[in-house]
Amino acid sequence: MFKKIIDTTASSGLGDPSSRKLFKIVDGEYAGRLLAIIQTSPSEIVFTYADGPCSSWSAPEVVANDAANTPFDAVMAGDGHVWLVYTEQSSYYLVSRKMTFTDGAWTVGNKVDIYNGSMSLEPSVSVESSGKLWVSWSRLSSGYYDIQVKSSTDGGASWGSGATDPGESIAAGLTEGYSRIIVATSTIHAVYSANETDILARSKPLSGGAWSSEFTIGSGTGVDHHFDASVAEDGLLGVIFDAGQLRYREYDGSNWSSVVTLDEDEATWPQLSFNGNVPMVTYLADSGAGQQVMKYVHRRTGSFSAPVVLDPRAGQFDSAILYDSVSATYADVTEAARSAATGDVYHPSSGCLLKSAGDTIYLGMERRYRFVTFCLSTSGAGGTVSYAYFDGSNWKSFTPAGSTFNLDEAEKGLRLWDDYHGIPADWQANSINGQLKFWVRVEVSSAFSTGPVGSMLTAVSNLLATSVRR
Amino acid sequence: MLSTLSRITSRRVWFVPRFSVWGSPVWNEVDFLAMEEVDSTKSILYGGIGIGESTQTVSFADLVDFRGNNLPPMITNPKVLVRARSSDSVFIVGDETSTEFRIARAPDAVGPVVVDLTVIEMGE
């Protein structure tokens with residue numbers, strides 16, 4: 001299910017790939033309640049929550065209106081309290097706010113300075129079961145970045161020995177650096193990328209002591225903020241990163257495994273979660289023509305599965321059929337619609353997708369869907385179309401949520417409906433050219449002077465970022 | 001028309017107490033936020049998708065009724081009813097066959113859920 005929550009004008013509404021933005025109350029009267037924390041503007045961070053099936057979210061409440069337009073992070077403790085860590089807009093110093101959970105609602109506390117010595121970016125925060133908080137971030141120092149770590153033993157009321165305390169430096173002099181801090185059973189791990197070439201880790205016991213020496217998890221071109229790290233129930237640390245391919249490696253407390261390639265292609269926004277001790281990875285992958293589709297792999301059967309599209313309703317069409325009214329013939333263009341080959345989606349009689357009044361595109365799925373992406377090699381001109389779905393008795397015209405598109409732009413992402421909850425309940429499957437599907441009909445109302453020719457037609461929307469609950 | 005014998009053999013009922021259900025309709029529930037850009041407008045959407053099935057297939061021959069007797073390996077037109085012993089939901093997945101059925105607990109149950117089962121033979 002997809003449910004639209006809110007629009008955002010922030011450059012990074014969901015923060016970094018490794019940051020956490022979606023949380024769940026695990027027990028008690030409000031068990032199952034989901035909390036989302038979103039940056040909605042260049043300065044504002046809000047929270048909203050919902051109970052299953054999450055078709056209705058609460059009115060957004062402001063957590064911070066003084067945030068920089070940069071990534072932030074949050075963590076939820078077992079009792080539902082949340083700590084938000086972000087960069088302050090005016091000073092670019094690192095600050096935190098506690099969101100206290102009481103009677104099913106969150107109350108935002110005062111801002112606390114974590115570090116006020118220099119520009120601090122890309123924070124990561126984690127919490128021990130004891131309540132001790134840990135934060136890591138990138139501190140700008142003389143034109144380079146240092147990865148710093150600090151902790152709080154009083155619930156975020158103060159950090160380290162005070163706001164001027166920069167904490168421990170676990171990496172220094174980086175041209176670029178992003179970090180993730182993770183609490184395991186008895187260890188704190190810091191996983192970080194450095195100089196767009198390496199992904200590294202250092203650890204130390206929660207009971208105290210020194211950080212381990214730096215270990216290189218992997219290397220490659222363009223190793224940046226597209227990585228993540230999580231801990232399994234048994235304490236195993238898993239790390240995924242993009243180095244032109246999606247790669248995974250894990251640490252059992254003594255040894256690192258070999259590197260496993262999960263996807264031969266580039267993956268952005270990789271996120272790692274564990275179901276018990278079984279790793280599952282989600283990420284965005286190129287599905288052609290610049291469209292990003294969300295995929296997943298898991299290791300449920302002992303070895304990693306092949307990548308699969310997470311939401312088939314936001315993937316390729318199960319069927320695409322063209323009807324030419326002049327010849328009164330159908331053409332099945334499903335395979336051509338799936339490929340990004342230029343100008344291969346057309347009816348053989350007309351030489352285009354649509355031309356004369358009554359010509360029709362039928363786009364079908366096994367389940368109801370909400371989005372169409374048109375990639376055209378030739379834009380249409382002079383014509384208009386109407387959109388309709390089958391209501392069980394008749395074709396019912398509708399105006400797409402993104403307004404009617406007359407196939408007059410080379411590339412267009414069209415919201416038929418805002419989200420899955422907006423899809424009309426009376427949309428029924430029917431048979432077109434012998435295929436029973438949920439069809440959207442795009443029919444020519446007035447003829448085109450220049451008929452559009454297609455390169456790719458999919459139900460993939462333009463996803464920029466994701467944040468999986470983990 | 002039912003014969004006397006079929007009248008007698010139909011609608012047999014077995015009560016199976018304290019049956020443990022570990023099956024789940026999905027292996028993992030994935031909750032996520034996604035940022036989508038359409039016509040230069042960026043929107044945040046919530047998605048919730050269940051992936052993988054891990055249902056529990058149960059043979060009638062493996063069930064033991066409250067008297068301690070095994071159920072027969074084949075039952076004609078069986079129907080299985082679930083009586084809850086906790087607040088966790090349990091349900092039958094799909095249709096029963098003459099030899100087995102599939103059962104699952106609600107995804108939000110923390111672990112196996114214990115229920116009582118009533119197996120009814122509907123007969124021809």
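Where a number appears in this text, it was derived from the coordinates with a stated rule and is not lab data. For clarity, every value in this text was computed on a predicted model and none was experimentally measured. Because the Cβ atoms are built from the backbone with ideal geometry, glycine has one as well, and the counts that use them run over all protein chains shown.
One table, with the values for the structure above:
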| quantity | calculated |
| --- | --- |
| Assigned charges on the beta-carbon of Lys, Arg, Asp, Glu; chain B dipole about Cα centre (debye) | 860 debye |
| Selection from A:Leu133, A:Ala157, A:Val278, by position along the positive dipole direction of chain A (Cβ) | A:Val278 |
| Residue-count net charge about A:Phe438 - beta-carbon cut-off 14 Å; Lys, Arg +1, Asp, Glu -1 | +3 |
| Cα centroid separation - the range A:18-35 against the range A:271-317, whole Å | 22 Å |
| Summed side-chain charge close to A:Ala232 - residues other than A:Ala232 whose Cβ falls under 12 Å, Lys, Arg +1, Asp, Glu -1 | -2 |
| Dipole magnitude of the range A:1-146, debye to nearest 20 (Cβ charges: Lys/Arg +1, Asp/Glu -1, about Cα centre) | 160 debye |
| Karplus (6.51, -1.76, 1.60) ³J(HN,Hα), θ = phi - 60°, over the range A:232-243, in Hz, Gly and Pro reported as x | 7, 4, 7, x, 5, 9, x, 9, 10, 7, 9, 10 |
| For the range A:444-461, Karplus couplings with θ = phi - 60° (6.51, -1.76, 1.60), whole Hz, Gly/Pro x | 6, 8, 10, 4, 8, 7, 10, x, x, 10, x, 10, 7, 10, 9, 9, 7, 8 |
| For the protein assembly as shown: rounded, prolate or oblate by the Cα gyration tensor [a/c cutoff 1.5] | oblate |
| Evaluated at q = 0.27 Å⁻¹: base-10 log I(q)/I(0), Debye formula over Cα of the range A:376-432 | -1.11 |
| Of A:Phe241, A:Ser142, A:Ala337, farthest towards positive along the dipole that unit charges on Lys, Arg, Asp, Glu beta carbons give chain A | A:Ala337 |
| Shape category assigned to the range A:216-311 from the gyration tensor of Cα positions, a/c cut at 1.5 | oblate |
| Dipole-positive endmost among A:Gly15, B:Met74, A:Gln435 within the protein assembly as shown (Cβ charges, Cα centre) | B:Met74 |
| Cα-centred dipole magnitude for the range A:91-191, charges only on beta-carbon of K, R (+1) and D, E (-1), debye, nearest 20 | 120 debye |
| Summed side-chain charge close to A:Trp211 - residues other than A:Trp211 whose Cβ falls under 11 Å, Lys, Arg +1, Asp, Glu -1 | 0 |
| Members of A:Lys24/A:Lys150; A:Lys21/A:Lys204; A:Lys24/A:Lys132 lying beyond 23 Å, as alpha-carbon distances in this model show | A:Lys24/A:Lys150; A:Lys21/A:Lys204 |
| Prolate/oblate/rounded label for the range A:1-159 (Cα gyration tensor, a/c 1.5) | oblate |
| For the range B:60-124, diffusion coefficient by Stokes-Einstein and Kirkwood Rh (Cα), 37 °C, 0.692 mPa s, µm²/s | 258 µm²/s |
| 23 Å Cα-Cα threshold exceeded, pairs from A:Lys295/B:Lys42; A:Lys396/A:Lys437; A:Lys3/A:Lys412; A:Lys4/A:Lys98 | A:Lys4/A:Lys98 |
| Inter-site label distance for A:Val309 and A:Ser446 at 7 Å from Cα along Cβ, in nm | 3.5 nm |
